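What follows is a set of notes on a single structure, which appears directly below.
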């Protein structure tokens, strides 16, 4: 529950592509599902009519998991723990990138640079791949997500990411999870042209994303996503929706600014199921 006097207007939002313009599908507040009247379009898309892709065999998923920074162990913990869960349901086509040289040597992971991200996308998107998953956790700002190891190009921008994933995955379903401050700035018009793309961002374009205390294994947004996954949710959309109250509760308890996570759900993948669910 929120601390009295705080969090009454906190909310994340999910938007859905609607014929060249954004249509607000859902707004989540501390009181549950509630439309924002000022933002709602006159004719929001019907979920039942929009969803085209629902389930894809776990063996047909390709996953790229990247830690963009190395000033906290949490980044590599997140990629390792997500990979473990994916392998547990039959996803074997997984590439992990790190910004920690010691972790790279120990785990056999490549370094998180632009070249390696682009190459890893190409590797996970083989002929047998039916859907692509990309997760990255790092520091970020409105420019993009920080890649501390890449000295020549230290930010992964929305334009870069859109190009890499489009080149590799084409029109296959794509789930992009972006964990970092201001990561909602990555949900641009270009990034949301794809009806088979889902984007989750840990913060709005104007807010920071609370990290973790020194005793926590995961950053707050990632902790809440993993908790939602472990609870058994079936779809990517429900994963995000269930994570929102968890994010808000911790922020309220710590009295830190609201991060207001955001998500884009393409019209063709509203009901896209998590591998193995």
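The values are calculated or read from the model by the stated rules, or taken from the named source; none is laboratory data. Not measured: the values here are computed from a predicted model. Cβ atoms come from the backbone with ideal geometry, glycine included; neighbour counts cover every protein chain shown.
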From (1) touching a helix residue (DSSP H, G or I) at 6+ places or on another chain (Cβ under 8 Å); (2) surrounded by 15 or more Cβ atoms within 10 Å (Cβ to Cβ); (3) touching a residue at least 40 places away in the same chain (Cβ under 8 Å); (4) more than 14 Å from residue 183 (Cβ to Cβ), pick out the condition that doesn't hold for residue 145.
(4)
Just a yes or no: is a residue in the stretch 224-231 surrounded by fewer than 19 Cβ atoms within 10 Å (Cβ to Cβ), closer than 24 Å to residue 269 by Cα and over 16 Å from the mean Cα position of the chain (by Cα)?
yes
Filter the stretch 113-132 down to residues that are out of contact with any helix residue (DSSP H, G or I) (no Cβ under 9 Å at 6 or more places or on another chain) and either at pLDDT below 95 or part of a loop (DSSP other than H, G, I, E, B) (or both) and give me whichever is nearest to residue 73 (Cα to Cα).
113
Selection from the stretch 61-81 of residues assigned to a helix (DSSP H, G or I) and either in contact with a strand residue (DSSP E or B) (Cβ under 7 Å, 6 or more places away or on another chain) or free of Cβ contacts under 8 Å to residues at least 24 places away in the same chain (or both) yields 75, 76, 78, 79
Filter result for residue 187 (at negative phi, surrounded by 20 or more Cβ atoms within 10 Å (Cβ to Cβ) and touching a residue at least 60 places away in the same chain (Cβ under 8 Å))
yes
